[in-house]
Amino acid sequence: MMMSEIVDDVAFEILIFRVGREEYGVDIRKVQEIRSYETATHLANAPEYLKGVTNLRGLIVPIVDLRIKFGHLAVQYDQQTVVVVLQINRQTMGLVVDAVSDVIALSPSLIKPVPQLSEGASTEYILGLASVGERLVILVDIVAMLGADVLVDLETATV
């Protein structure tokens with residue numbers, strides 16, 4: 001989902017997932033499937049957030065735990081923990097999140113710009129903030145959110 005797509009006056013669908021107490025929305029067109037969490041095969045010398053790889057119908061898929069990537073200290077795996085399988089730049093990958101809540105059609109009129117934050121705050125991955133009922137959902141550019149370092153780590157770890 002690019003910012004230009006949000007500006008168009010056409011509703012689009014987002015998948016809403018939770019990491020910690022925050023809710024994030026990602027373009028549903030990037031989502032391949034949602035799976036229950038299963039322990040991944042660990043890769044030696046991989047960053048802590050890279051849980052490992054799993055075999056998804058013959059395709060080896062790297063699994064990134066967004067909770068660890070975001071610095072959450074007490075990461076627990078339970079019945080709500082899921083893996084959102086995404087297609088990013090022709091790479092299939094899984095993101096471990098606390099839960100997935102729903103898929104909604106979102107009108108651009110519901111999206112507010114990101115407020116100006118302090119100099120040290122990184123917001124380049126945030127496309128906007130959406131009011132969904134009483135909830136505030138952070139709309140993200142998943143590629144920018146993961147960062148180039150994660151994509152490089154995935155590429156080198158799974159080669």
Report task. Would you mind listing the strands (runs of 3 or more DSSP E) fully within the range 77-146 where at least 3 residues are within 27 Å of Ile60 (Cα to Cα)? Result -> 82-88, 91-97, 99-106
Requested in this report: Among the residues of the range 18-52, write down those that are more than 29 Å from Val114 (Cα to Cα), part of a strand (DSSP E or B) and either modelled with pLDDT of 95 or more or open to solvent by 30 Å² or more (accessible area, probe 1.4 Å) (or both).
Outcome: Arg35, Ser36, Thr41, Lys51
Query - Only one of Val83, Val100, Val114 that is under 23 Å from Gly147 (Cβ atoms) and out of contact with any Phe, Trp or Tyr (no Cβ under 6 Å at 6 or more places or on another chain) - result: Val114
Report summary line: Checked the range 53-67 for anything without any contact (Cβ under 8 Å) to a residue 24 or more places away in the chain and not in a loop (DSSP other than H, G, I, E, B); matches are Asn55
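Kindly check whether there is at least one residue in the range 136-159 that is hydroxyl-bearing (Ser, Thr, Tyr) and at pLDDT 85 or above. Talk me through it step by step, then tell me what you get.
Kept after step one, since they are hydroxyl-bearing (Ser, Thr, Tyr), are these residues of the range 136-159: 156, 158.
From the residues that got through so far, the ones that are at pLDDT 85 or above too are none.
No - not one qualifying residue is present in the range 136-159.
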Report task. Look at the range 69-109 and say how many of its residues are under 12 Å from Tyr49 (Cα atoms) and touching a Pro at 6+ places or on another chain (Cβ under 9 Å). Result -> 2
Requested in this report: Determine which member of the set Leu73, Leu66, Leu95, Leu86 is open to solvent by 80 Å² or more (accessible area, probe 1.4 Å) and within 23 Å of Thr123 (Cβ to Cβ).
Outcome: Leu73
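The values are calculated or read from the model by the stated rules, or taken from the named source; none is laboratory data. Just so it is clear, the structure is predicted and the values come from calculations on it, not from any experiment. Backbone-built Cβ (ideal geometry, glycine too); neighbour counts: all protein chains shown. Keep in mind that these areas ignore ligands, DNA and RNA; they rest on the heavy atoms of the full protein, side chains included. Shrake-Rupley method; radii C 1.70, N 1.55, O 1.52, S 1.80 Å.
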